[in-house]
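Participant: Supplied in structure tokens, the structure appears directly below.
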Amino acid sequence: QVQLVESGGGLVQPGGSLRLSCAASKSIFNINFMRWYRQAPGKQREWVAAIGGGGSTTYANSVKGRFTISRDTAKNTVYLQMNTLKLEDTAVYYCAADIGVSRDWGQGTQVTVSS
């Protein structure tokens, strides 16, 4: 089991940028996948991006080309750089860690895109 703490959310105007961080309580080097999800009001939680143990990355079509997931294994931290933000990116963003068959979640950080 790993504890995850997200940070970096806030209020930003459309077209702006934010970088979210997800700090893990232990080494992320051997974690199968680290993922970002988001949940907008009244909607289901949706997958946003993932980074594998080898560093490979995948993205939802809705964020491809605008968001970048990365990691710093020395800091046990995963990042989500979000550029060209849109109103529809407003959501609570959650970090998740896949370890074997289990998934641990962070508490989430609010991102609000508004003019």
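Participant: Report whether or not Pro14 is out of contact with any His (no Cβ under 6 Å at 6 or more places or on another chain), modelled with pLDDT of 95 or more and assigned to a loop (DSSP other than H, G, I, E, B).
Facilitator: So Pro14 passes the test.
Participant: Can you tell me which condition Gly55 does not meet? The list is (1) modelled with pLDDT of 95 or more; (2) at positive phi; (3) not aromatic (Phe, Trp, Tyr), and all the others hold.
Facilitator: (1)
Participant: Here's a follow-up. Among the numbered conditions (1) farther than 26 Å from Lys26 by Cβ; (2) surrounded by fewer than 16 Cβ atoms within 10 Å (Cβ to Cβ); (3) not small (Gly, Ala, Ser), tell me where Leu85 comes up short.
Facilitator: Status for Leu85: all satisfied but (2).
Participant: Six or more apart or on different chains, Cβ atoms under 9 Å: show the pairs whose first residue is in region 52-64 and open to solvent by 30 Å² or more (accessible area, probe 1.4 Å) and whose second is at pLDDT below 95 and not in a strand (DSSP E or B).
Facilitator: Short answer, once both residue conditions are applied: Gly53/Ile28; Gly53/Phe29; Gly53/Asn30; Gly53/Ile31; Gly53/Asn32.
Participant: Among the residues of region 88-115, write down those that are surrounded by fewer than 20 Cβ atoms within 10 Å (Cβ to Cβ) and not in a strand (DSSP E or B).
Facilitator: Glu88, Thr90, Gly100, Val101, Gln107, Gly108, Ser114, Ser115
Participant: Another question about this same structure. Please go through region 18-35 and give me each residue that is under 19 Å from Gln1 (Cβ atoms) and either open to solvent by 30 Å² or more (accessible area, probe 1.4 Å) or part of a strand (DSSP E or B) (or both), ordered by number.
Facilitator: Within region 18-35, Cys22, Ala23, Ala24, Ser25, Lys26, Ser27, Phe29, Asn30, Asn32, Phe33, Met34, Arg35 meet the criteria.
Participant: Determine the pairs where a residue that is farther than 24 Å from Gln3 by Cα and of a type in the set (Phe, Trp, Tyr), located within region 78-94, has a partner that is assigned to a strand (DSSP E or B) and open to solvent by less than 60 Å² (accessible area, probe 1.4 Å) with Cβ atoms under 8 Å apart, the partner being 6 or more residues away or on another chain.
Facilitator: Listed by first residue and then by second, the contacts come to nothing, as the list is empty.
Participant: So, restricting to strands (runs of 3 or more DSSP E) that lie completely within region 38-77, which ones have at least 1 residues that are of a type in the set (Lys, Arg)?
Facilitator: In region 38-77, 67-72 are the strands (runs of 3 or more DSSP E) which contain 1 or more residues that are of a type in the set (Lys, Arg).
The values are calculated or read from the model by the stated rules, or taken from the named source; none is laboratory data. Since the model is a prediction, treat every value here as computed from it, not as a measurement. Note that each Cβ is placed from the backbone with ideal geometry, even for glycine, and that neighbours are counted across all protein chains shown. The protein model used for the area step is the full one, side chains on, heavy atoms only, and it has no ligands, DNA or RNA in it. Shrake-Rupley method; radii C 1.70, N 1.55, O 1.52, S 1.80 Å.
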